[in-house]
Structures are given as C-alpha cells and as structure tokens.
Amino acid sequence: MATTNRPDAPDRDALLRMFEIQQKIKTADERFRAMLTSGQVQLIYYSPRGQECISAGYAVHLRPDDYVVTIYRGLHDHIAKGVPMRELWAEFLGRGTGTCKGKGGPMHVTHPKSGLMVTTGIVGAGIPIANGFGLAAKLSGTDQVTVVNFGDGASNIGAFHEGLNMAAVWKLPVIFVCQNNLYGEHTPMAMSTGVEYISERASSYGMPGVTVNGNDPVAMWKVAGEAVARARAGEGPTLIEARTYRFWGHLMGDAMEYMPKEERKAAMAADPLPAFRAWLLDNGHANEAQLTEIEDQIKALVDDAVEFAMNSPEPPMDELYTDVYEEIIK
Amino acid sequence: MTTTEPRIMPMGMAINEAMDVAMGLDEKVFLLGEDIAEPSGGVYKITKGLSTKYGTDRVRKTPISETAIIGAAVGAAIAGYKPVAEIMIMDFIGVCLDQITNHAAKIRYMSGGQTTVPMVIRTSAGAGRGFGAQHSELLEAFAVHSPGMKVAIPSNPADAKGLLISSIFDADPVLFVEPMLMYWDPAYAGEVPAGDYRVPLGKANTVVEGKDVSLISYGRQVHTCKKAAEELAAEGISAEVIDLRSIVPYDEAAVMASVSKTKRAVVVHEAVTRCGFGAELSSRIHEELFGTLAAPVQRVGGKNIPIPYASNLEKAFLPQVADVVAAVKRTNK
C-alpha cells in the first residue's frame, strides 16, 4: 500500500485491531504449515495466507451478535470473527476440546458464541444459508447483519444466483464478500468466468456491487463499512468483490503448477501484511514497540493454542452417535 | 347440551389446519415457498388463507429457487426460527439436494451439537394424475440415507395434521411427504381432532389387526394394503396392516412384534422397489427374525422405471391391490 497517509483511513483503534487480526491469521497459518510440513500433524488444510486483509477489513465493523458464514478456506474468517484460538486449533486437529468436539474439522468450524455460524465445504452453499440468517434478523426486527464469504469460483454456481436474487428481492441485511483470489481450485478466473469483475454481476440482481483491492486494508475497511451500514439501516444487500491472491495454492500439498511462478512470486513480494505494518509506522499510527508487543502476544497466544490442542484427547467414542438428532436414532 | 358434528375433512384441509395451529402457538413458525401466499394460497391450495391471517412476512412467497428456499430455511432455523419450507413437488428436491443432505441433515453433527436445524420440508408426491416422470415420484429413500434427516409420510387426514405439528416442533429437520392424490379427494377424507393435536414420529399405527401376514406400508399405499386385506379376508387369510407413519425414525418394535406373530411380511410402498425403504425394512426383518419366518419377506413397490404418462402405463407402474395379494400368496406356498 501507499506509504503516504490517507485521509480515508479509520481511527487508530480500528487500524490496530485490523493489524492484530491479520497478524493472528499469519501466525496461526505459519504454524499450521510448519507443523504439516514437518509431519507433526496431518490434516486437510486450505491456507488463507494472502487474503487476511479482507477478513480484518469487514470484521472490525461487526458486533459479536452479527453473523459470519464462510467456506473450507476459512481460518482467516474464523479468527477475524473471534473464534477462540484454543478451540479453533483443537478442532483443526480433531480433538474433543475443539469448537465442534472434533466432529466438524477445518471445513466445518462453527462457534455461535462468536457469531461464526456455518463453515461449509460445498462451493457456494453458504450463500443461501446466509439469507436465512438475514431473514431471521429481519423477522426479529434486530439490526444484526450477516457477512457471507466465498471465492470467485462460487460466483459460477447456481446457489450464488438463487441466493443473491432472493437477498435483493427480500432486501436482506446480508453482505456478500467474494474473496477473489483469481483461481477456482486449479483454474484461473479467465477460463471459468465470463465477466472481468464479479461485482458486475450485482447489477443483474438489482443490488450494489463494488470491486475493491482486498489487499488494501484501508480500502477494504471503507467498502465493508459502507455495506455493513447499508445492511444495518435496512437498505439491503451488497456484493463486494475483494481482489486478492492465495499464496499457497488451493490445498496444502498442491504443486501449484497451474499458477505462473512469476505471478506468485510478485504476489508474495507484495505481501499486504508487512506493507500495512510499515505504513502504520511511517504514518505514526503506531510505534515499533507497540507492534512488537502485539506480535509477541499473538505468538504466545498461538503457542498456547498449539499446546492446548496437542495435549487434548481425541473425542470420546461415546460421541459417535450423539448430535445426529436430538435423541439417539441408530 | 351441545353436540358437535364430527370434523370430517380432506387431507389438504388438515395440513392447512396443522400449519394454522403451529403458527398460532409459536411466532417463530413461518412458511416459505413458491406461490404459497394469497390470492392462490399455493398451487394445491394447501396454504389457503394463511397469508391473510398471519401476513406475508410469515407466509412468504419465494422466487422459483429451491436451493434459495431450503438455504433460507436452514439459516433461519439455526438462528432460532421454525421454518416450514414448501417444495411444490417432490421431484424438484433434486434441485436443492445439497442444502438438504449436506446442510440441513449434517449441521447438528458437524457443529458438535452447537447449532441445530429445526425445520420442515413439506412436499407433495405421488403418481396417478398423469403428470409424467418429473412430477410424480416418491423419493423418500434419499432422505432415509441421509443421517440427520427425519421422514414422515401420512396416510390419512388426522395423521397428516398430528404428524405435521409434531414435525414443526421437532428439534431436527423433517422431510414431510404429502400424498398429492389424497389432498382433496373426498374418498380419503376423515375425522380430524381440533386444536393442538399431535401424533409422535416413530409410532406406527396398526390399521387392521390380523394373524397370518403383516402388510407394512406408509402413505397412500396403506389404502392399497387395506383393500388387499379385505380381499384376503374373503379367502380366509387374516392380514395385519401396519402404517409406519414415519420412516425415520420408524417403529421397529411394532414391525418386529407384528411379524413375530404372523411369521410372514410384505412391505409395500409407492417409490420404485429397487433400493426403496422396503429393501431396508426387508433386510431388518430378515436380520432379526430369519429363523422364525415362514417365508422370505416380499416387496411390492413402484416398478423400476421412470413414471410413464399414458394412464394405462402409469397405472402399471403403481402397486396394485392384486400385486399385494399375489405377494401374500408367495409367502404362503
């Protein structure tokens, strides 16, 4: 991001909260990848690294009682919405102390106490469900909003079309955040998508659509704030296309041969988090000691979560048949 | 002293009354589906009058978007509502199968019980009206195969009301299959208790008591079994007819008790025979009672074909009284 100060930037408190969220995501992600590559743990892992500005940018506008829906690449959204680090790690590692008692895993993290309502492993499927949260808020007369996250690939599936249309017709308080990392699994957007900007699709539903640089924390904060305000005021949904890049391909272990090496190298060189850090310092929003303190605290938080998860037992076998129904039906 | 007329009504009216009662009892109950609000009150008039009484916030017309309908119901249910989503005709379930099997059914388990999905999917089904292959099919087997889903299929107006109210207030998602042919046909009308009348899921009803063979069925085919039982009685064979009412959960104790007594069983449903619920039921009976059975369990179901349009072929698709009688005879060789 630009090194000059920006009149449109949020206040210092919001900036530092955004930095903290991004740093948590980066630190947790680095630890997951280190433990995976060293063989300490085995799990299916979709790294969100590179996309953390987006989650931080909308999350600072949300209240704990607002709802978030996300997808299998969801660690950044889980952290941003405030899912506790210990339970999150334990769930990723399949432990009985996880958010979902180890029954969901990384693709199904749920923590209603934080407002993280659904994580789905099915592309696009969270969109219609988010409408249900929006409808519930509307019927209850609250001003809660719902943010539903999905990728560029999801904009090509039927649920996207049905869901955005219904949200517009019913004027639901839902913010559709398309985290456009330029690839749907192994296929570049240009080979799968007929429009240049996914936000163009909003016009066909009669809702506002905006494309934003998802790696620019200030721009993301601003666009998300406008959409959240509109939803809270009962003025209906918004489609945000936040352009970004995923540093580690679709799935950890992915050889990434479909991503041009130079493109990935350039994206990683433009890593938005160090750039944000430098900008905060250059413009006097924080000093080195403050940021280092935040980083140290987060390292300790992740260390603690890793230890907690690694020392937690697997779920007890008597959990096998529970939570299928309210009563046990075999 | 006042006398009250018996409340005889068709199944369509009983289903309407169930939703009326549930909405009156709990403001968290709301309906959504295609065309369900006034003036039409649904293509089969099942929701007639409800949007006038409860408003269009609670009786919501939707776009023709089955995935969006079920998705909205799933989200609202997690958030504390009790949605009743209508999928106009069961064959359209295929459009929104992901929302049902991957989300409604699995969310309680995937979340470790933190979030639940107390919703009902009402849908009409059944052949015999010349609607062809895509507007006639019974597809309940998929939901039986999706742990997390419950499935109820009533055979008479009183059960339709009682099972639907129970389903709406159940803590889990219920697929509620309404036999389309029975909605307004006076031949299927029956007495329906007033008010908050509930029939529990998982409790079978012995419609006809007998001692020689058990005919186990649900939905409209219970009536085929009743007619078969009458024909068999004329030949001196005493058939017991069990109406399961719901197939997840199903009343296994009632089935095993009946078959333990009669030693012979015929399972009857309208869905295609291959991999239908009858296959599961037949297996369970064999697993539990093999050594005591006088004959292998027989299945009578729809033929393993897409449902034909021409009325003679459509009739041939459906289980007939003669098919049930013949199956009983096969257990009696």
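Observations on the structure shown:
- As a calculated quantity, the FRET efficiency between B:Asp35 and B:Tyr309 at R0 = 25 Å, using C-beta atoms, amounts to about 0.55.
- Sequence of B:Lys161, A:Lys26 once ranked by neighbouring C-beta atoms within 10 Å, starting from the fewest: A:Lys26, B:Lys161
- Prolate/oblate/rounded call for the stretch A:13-305, Cα gyration tensor, a/c under 1.5 rounded: rounded
- Simple rule: put +1 on each Lys or Arg Cβ and -1 on each Asp or Glu Cβ in the protein assembly as shown, find the dipole, and look at B:Thr292, A:Gln144, A:Tyr258; the Cα lying farthest toward the positive end is B:Thr292.
- GNM on chain A, alpha-carbon springs under 10 angstrom: the most fluctuating residue among A:Ser312, A:Ser38, A:Ser199 is A:Ser38.
- The order of A:Glu319, A:Glu91, going from fewest to most other C-beta atoms within 10 Å of their C-beta, is A:Glu319, A:Glu91.
- Oblate is the label for the stretch A:74-123, because a/c, from the alpha-carbon gyration tensor with a ≥ b ≥ c as root eigenvalues, is 1.5 or above and a/b does not exceed b/c.
- Here r is the Cβ-Cβ distance between B:Arg129 and A:Tyr321 and R0 is 60 Å; the resulting FRET efficiency, rounded to 0.05, is 0.90.
- Inter-chain neighbour count for A:101-109: the average number of beta-carbon atoms from partner chains within 10 Å of each residue's beta-carbon is 3.
- Considering only alpha-carbon pairs that sit under 8 angstrom and 6 or more positions apart, the relative contact order computed for the stretch B:163-312 is 21 percent.
- Using Cβ point charges alone (K and R +1, D and E -1), the dipole size of the protein assembly as shown about the Cα centre works out to roughly 960 debye.
- The slack in the chain from A:Arg33 to A:Arg63, taken as 0.36 nm per residue of separation less the alpha-carbon distance, amounts to 7.8 nm.
- Residue separation of B:Asn332 and B:Trp184 scaled by 0.36 nm, minus their Cα-Cα distance, works out to 49.5 nm of gained length.
- Virtual spin-label span in nm between A:Leu251 and A:Arg6, 7 Å along Cα→Cβ: 3.5
- Ordered by the count of other Cβ atoms within 10 Å of each Cβ, fewest first, B:Arg299, A:Arg33, A:Arg12 give A:Arg12, A:Arg33, B:Arg299.
- Peptide B:76-84 - average C-beta neighbours from other chains (10 Å radius): 5
- All alpha carbon pair distances within the stretch B:8-191 were sorted into 5 Å bins beginning at 0; the resulting P(r) in whole percents reads 1, 9, 18, 23, 23, 16, 7, 3, 1, 0.
- Proximal aspartates and glutamates relative to B:Lys315, as straight alpha-carbon distance under 15 Å, when same-chain residues fewer than 8 apart are discounted: B:Glu137, B:Glu270, B:Asp323
- A cut-off of 5 Å between modelled amide H atoms, ignoring neighbours fewer than 5 places along the same chain, links B:Leu215 with B:Glu240, B:Val241, B:Ile242, B:Val266.
- Legend: residue pairs A:Lys26/A:Lys299; A:Lys81/A:Lys171; B:Lys263/B:Lys303; B:Lys211/B:Lys333; B:Lys203/B:Lys329; B:Lys48/B:Lys226, Cα-Cα distance threshold 20 Å; pairs beyond threshold, A:Lys81/A:Lys171; B:Lys263/B:Lys303; B:Lys203/B:Lys329; B:Lys48/B:Lys226.
- Close amide H contacts of A:Thr187 (hydrogens built in the peptide plane, cut-off under 5 Å, sequence separation of 5 or more or a different chain): none are found.
- With only Cα atoms counted, the protein assembly as shown has Rg and Dmax values of 28.2, 98 Å.
- Gain on full stretching of the segment that runs from A:Glu307 to A:Glu262 - 0.36 nm per residue minus C-alpha separation: 12.5 nm
- The 3J(HN,Hα) values that the Karplus relation (6.51, -1.76, 1.60; θ = phi - 60°) gives for the stretch B:287-294 are, in residue order, 4, 8, 10, 3, x, 9, 6, 7 Hz. Gly and Pro appear as x.
- Placing unit charges on the Cβ atoms of the charged side chains and taking the dipole of the protein assembly as shown about its Cα centre, the candidate lying farthest along the positive direction among B:Cys225, A:Met85, A:Leu291 is B:Cys225.
- Ordering of B:219-225, A:181-187 by packing [mean C-beta count within 10 Å, highest first]: B:219-225, A:181-187
- Legend: mean number of C-beta atoms from other chains within 10 angstrom of residue C-beta atoms, peptide B:54-63, equals 2.
- Residues A:Lys113 and A:Glu293, FRET efficiency given R0 of 22 Å [Cβ-Cβ distance, rounded to 0.05]: 0.20
Rule-based calculations on the coordinates, nothing more; no lab input. The model shown is predicted, which means the values in this text are computed figures rather than measured ones. Glycine also receives a Cβ, built like all others from the backbone with ideal geometry; neighbour counts cover every protein chain displayed.
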